[in-house]
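Report on one structure; see the data block that follows.
The values are calculated or read from the model by the stated rules, or taken from the named source; none is laboratory data. Note that the coordinates shown come from a computational prediction; the quantities given were computed from them, not determined experimentally. Cβ coordinates were reconstructed from backbone atoms using ideal geometry, including for glycine residues, and neighbour counts include every protein chain displayed.
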Amino acid sequence: MKKWIILDKKSGNQDQSTENEIIDILLKNRGINTEKEKEEFLNPKLSDLTLENIHLQRKDLDKAVKRIEKAIQNKESIIVYTDYDVDGVCSGTIMWEALNDLKAKVMPYVPHRIEEGYGLSEKGIDKIHKEEKAKLIITVDHGVTAWEKVEYARRLGIDVIIIDHHSLPSKLPKSSALIHTTSLCATGVAWFFANYLMQKFNPQKSIENKTQNLDLVALATIADLIPLIGINRILVKYGLDEMNKTKRLGLKALVNTSRVKLGEIGVYEVGHMLAPRINAAGRLTHALDSLRLLCTRDKYRAETIADGLSQTNRERQLILEETILHAREQINKHNDGTIPKLIFLANESYNQGVIGLVAGKLVDEFYRPSIVISKGSKYSKASARSIGGFNIVEAIRSCSDLLVDVGGHPMAAGFTVETSKLVLLEKRLLKLAEKELNNSNLERILKIDCEINLENTNDNLYKAIKSFEPFGAGNPSPTFVSNNVKVAKMRLIGKDKNHLKITLQPNNRYNQYIDAIGFGMGSFFEDYVIDQLIDIVYTIDEDKWNLNRKWSNLHSSLQLKLKDVKISAN
């Protein structure tokens, strides 16, 4: 059972509450109070995007521009060294295309997850030095923790510019320029810098293409679970507009193979259908294919690569399911029903490409910080995901004396460790979790904007809520609670009958109904009966399957998405 916390308990449940009053509550819950703040939130503008409000330093950008200008003038070989996830691939695409447009001698380099690992590696640098005779490396989505690798590159006569958004360590690399902010994903940082670069070299073209590549920024921002507030909300809002009319052949091919439609792409479609396919190559094969997809100008090649990524994604799904089953068995097998405050699992069979996804699934299921490790003979690779209130990257960094490397965010991190030190590392992290986490930290919290009567869930409120889009991390869809709602009909739906469909009657009002669906809530079916009064927590959505249905319902075009249900107290 989740703990329900109503953020605003005032007046929202009264019959006379208007849509405007409810909207004011929703805005207040998001820290938006003044008329200026409301205007900026409800009508975001691209003109609000400035270097200052994303905490980028102009002097750092100018350093990078100066070094790139020198490389172009001297016809030096430049390498854009990416990461292998969506953010790395998208930021790499933007930087490669910008430099290519400037006639730079530039090539992208995407490391192999298994053979080279995350970020800069001596193996990758050696390859670049030997094959490309590189004089300048531009890292995207990594680099701030790679001071040893940057020193190695410098000894070979290679300068390094770092474009990154990960948390800064105590010791920074001696790079030619560090372009860094934690306010954006790496693709957002790359987009700002690419625009700044174009302004210096070709001001007119920069002005003409103000929204160019925002589709990639939106894709990466959503995939990287960056909070959709402030600047990121603006980027995603305009980026989704660009994506839905994109002319980028790779994206169009990916959309087609994902069975979504241009014009109907939102946060859900990006996060659950497009991004996983781009990520799949980096997880199981090589992410260079994903970068090729985004860069290609050949329609046939785009379709071929997109189909291949979809097939790889299906393989990834099977591996993920098998690994989660094994992980769940290990947790239940070794803990006698008592789950430790931090889950720490290591196994030789775990594929490095899915351990981050497994850790995320374990957090969802057990609500514990989770570390999942692909165990090797000498070294082991790990991914970690956390819960609110537990900074996972700082927890792991507190054990740096045991680690080869570590990087990440408060909610997600990765590291390499000598396999011989796994037992000691587990003991120290479990001890730390026991100290920092109490039972209240481990209780699932369901935050509710306000209580309203079910009659308030009308088309006008729904249209007003739409102005809060795009929804996602940091800006969730407005959530409501309604009490003493009568169950009029109830059934199980879906292929496996694991979803709950309920027809609700507000306050016993005759001939007034609204449908609700609870995805994955099939287990609730046996707990409730017809005519029972229940309390429901939900979001409001459009019932796209039944828009043309002829019912005498109160709101036949709307459908509630249930988040939790319990029997009414009275």
Looking at (1) out of contact with any strand residue (DSSP E or B) (no Cβ under 6 Å at 6 or more places or on another chain); (2) small (Gly, Ala, Ser); (3) at pLDDT 95 or above, find the lone condition where Gly119 falls short.
-> (3)
Residues in region 36-92 that are of a type in the set (Gly, Ala, Ser), touching a Ser or Thr at 6+ places or on another chain (Cβ under 9 Å) and under 20 Å from Val217 (Cα atoms): how many?
-> 3
Answer from Leu429, Leu403, Leu442, Leu422 - the residue that is more than 30 Å from Asp531 (Cβ to Cβ), buried (at least 16 other Cβ atoms within 10 Å of the Cβ) and out of contact with any strand residue (DSSP E or B) (no Cβ under 8 Å at 6 or more places or on another chain) = Leu442
Of all the residues that make up region 166-200, how many are among the small types (Gly, Ala, Ser) and not in a helix (DSSP H, G or I)?
-> 6
Picking from Leu325, Leu345, which residue would you name as being surrounded by 20 or more Cβ atoms within 10 Å (Cβ to Cβ) and more than 17 Å from the chain's Cα centre (by Cα)?
-> Leu345
Might you let me know whether region 77-86 holds any residue that is polar (S, T, N, Q), outside the structural domain of Arg397 (by TED's automatic domain parsing) and either in contact with a Cys (Cβ under 8 Å, 6 or more places away or on another chain) or surrounded by fewer than 17 Cβ atoms within 10 Å (Cβ to Cβ) (or both)?
-> no
Can we say Val106 is surrounded by 24 or more Cβ atoms within 10 Å (Cβ to Cβ) and either assigned to a loop (DSSP other than H, G, I, E, B) or without any contact (Cβ under 8 Å) to a residue 40 or more places away in the chain (or both)?
-> yes
Can we say Gly117 is in the same structural domain as Asn74 (by TED's automatic domain parsing), within 15 Å of Thr82 (Cβ to Cβ) and in a loop (DSSP other than H, G, I, E, B)?
-> yes
Scanning region 129-149 for residues that are of a type outside the set (D, E, K, R) and surrounded by fewer than 21 Cβ atoms within 10 Å (Cβ to Cβ), which turns out farthest from His286 (Cα to Cα)?
-> Trp147
Region 50-86: number of residues that are over 15 Å from Ile138 (Cα atoms) and in a helix (DSSP H, G or I) | 7
Pairs where the first residue, in region 38-55, is closer than 19 Å to Lys466 by Cα and the second is of a type in the set (A, V, I, L, M) and part of a loop (DSSP other than H, G, I, E, B), C-beta under 7 Å, 6+ apart = Lys38/Ile32; Phe41/Ile32
Test Leu309 against the stated conditions and say whether it is touching a helix residue (DSSP H, G or I) at 6+ places or on another chain (Cβ under 8 Å) and either of a type in the set (D, E, K, R) or in a helix (DSSP H, G or I) (or both).
-> yes
Which members of region 252-274 meet the condition of being farther than 14 Å from Gly308 by Cα and touching a residue at least 40 places away in the same chain (Cβ under 8 Å)?
-> Lys252, Gly266, Val267, Val270, Gly271
Can you name the condition, by its number, that Asn53 falls short on among (1) surrounded by 12 or more Cβ atoms within 10 Å (Cβ to Cβ); (2) under 23 Å from the mean Cα position of the chain (by Cα)?
-> (1)
Taking region 1-23 as the search range and keeping residues that are within 14 Å of Val481 (Cβ to Cβ) and outside any loop (DSSP other than H, G, I, E, B), which one is modelled with the lowest pLDDT?
-> Asp8
How many residues does region 150-165 hold that are crowded, with 24+ Cβ neighbours inside 10 Å, more than 24 Å from the chain's Cα centre (by Cα) and in a strand (DSSP E or B)?
-> 2
Only one residue in Ile94, Ile137 is at pLDDT 95 or above, of a type in the set (Val, Ile, Thr), within 29 Å of the chain's Cα centre (by Cα) and in a strand (DSSP E or B), so which one is that?
-> Ile137
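One line per residue, one yes/no per condition, for (1) of a type in the set (Val, Ile, Thr); (2) crowded, with 19+ Cβ neighbours inside 10 Å:
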residue	(1), (2)
Thr18	yes, no
Asp24	no, no
Lys36	no, no
Ser47	no, no
Gln57	no, no
Lys63	no, no
Arg67	no, yes
Gln73	no, no
Trp96	no, yes
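One line per residue, one yes/no per condition, for (1) of a type in the set (D, E, K, R); (2) surrounded by 24 or more Cβ atoms within 10 Å (Cβ to Cβ); (3) over 18 Å from the mean Cα position of the chain (by Cα):
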residue: Thr221; (1), (2), (3): no, yes, no
residue: Leu235; (1), (2), (3): no, yes, no
residue: Lys245; (1), (2), (3): yes, no, yes
residue: Leu262; (1), (2), (3): no, no, yes
residue: Ile278; (1), (2), (3): no, yes, no
residue: Leu284; (1), (2), (3): no, no, yes
residue: Lys299; (1), (2), (3): yes, no, yes
residue: Glu303; (1), (2), (3): yes, no, yes
residue: Asn313; (1), (2), (3): no, no, no
Output the residue which, of all residues in region 450-503 that are touching a Gly at 6+ places or on another chain (Cβ under 7 Å) and surrounded by fewer than 19 Cβ atoms within 10 Å (Cβ to Cβ), is nearest to Leu235 (Cα to Cα).
-> His499
Could you run through region 316-363 and say how many residues are part of a helix (DSSP H, G or I) and aliphatic (A, V, I, L, M)?
-> 13
Take Ile355 and decide whether it is without any contact (Cβ under 8 Å) to a residue 40 or more places away in the chain, farther than 19 Å from Asn256 by Cβ and crowded, with 19+ Cβ neighbours inside 10 Å.
-> yes
